[in-house]
Amino acid sequence: QVQLVESGGGLVQAGGSLRLSCAASGSGFFNIYTMGWYRQAPGKQREFVATITSGASTNYADSVKGRFTISRDNSKNTVSLQMNGLKPEDTAVYYCKQDRKYQDYWGQGTQVTVSS
């Protein structure tokens, strides 16, 4: 079993910053899996935000490029999302995801609210 626990969400004014963290525990070797952040706004489908591979290659949604930075610490089994220049449209529940060959794992999500 794998557990992903997100933290760091909250309420912030537009233009502010937040740092989300996701701690992984359970079976498998954390460093070999691609990790990602996704988000779901009210009434909308869950969407891709950013991913980081085992080799630390990163990919971002166009909407967050230049504002968000994904990183990982394999010694602590954590992946983080530094979010700067937050906008009201970034308001959503943010989920951490671990990509495995036969099954993906999701965290429970953390709420990010950006006020205008």
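Each reported figure results from applying straightforward, stated rules to the coordinates on display, with no laboratory input. Quick caveat, the model's predicted, so the values are computed rather than measured. With ideal geometry, Cβ positions are generated from the backbone for all residues, glycine too; neighbour counts draw on all protein chains shown.
Computed quantities for the displayed model
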item	result
Gain in span if fully extended, L11 to E89, counting 0.36 nm per residue against the direct Cα distance	26.8 nm
Loop-resident sites, the range 16-66, for trypsin sites (Lys or Arg not before Pro), counting at most 16 other Cβ within 10 Å (DSSP)	K44, R46, K65
Extension gain from D73 to F48, taking 0.36 nm per residue of separation minus the Cα-Cα distance	6.9 nm
Low-density loop cleavage sites - chymotrypsin sites (Phe, Trp or Tyr not before Pro) in the range 83-114, where at most 12 other Cβ are within 10 Å (DSSP)	Y102
Gained length - S116 relative to Q1, 0.36 nm times residue gap less alpha-carbon distance	37.4 nm
Overall Cα dimensions of the range 26-111 - principal axes, largest extent first, Å	36, 25, 19
Partner lysines for K44 [C-alpha distance under 20 Å; skip if fewer than 8 residues away on the same chain]	K87, K97
Rough spin-label spacing in nm, given labels placed 7 Å along Cα→Cβ, for N31 and N59	2.3 nm
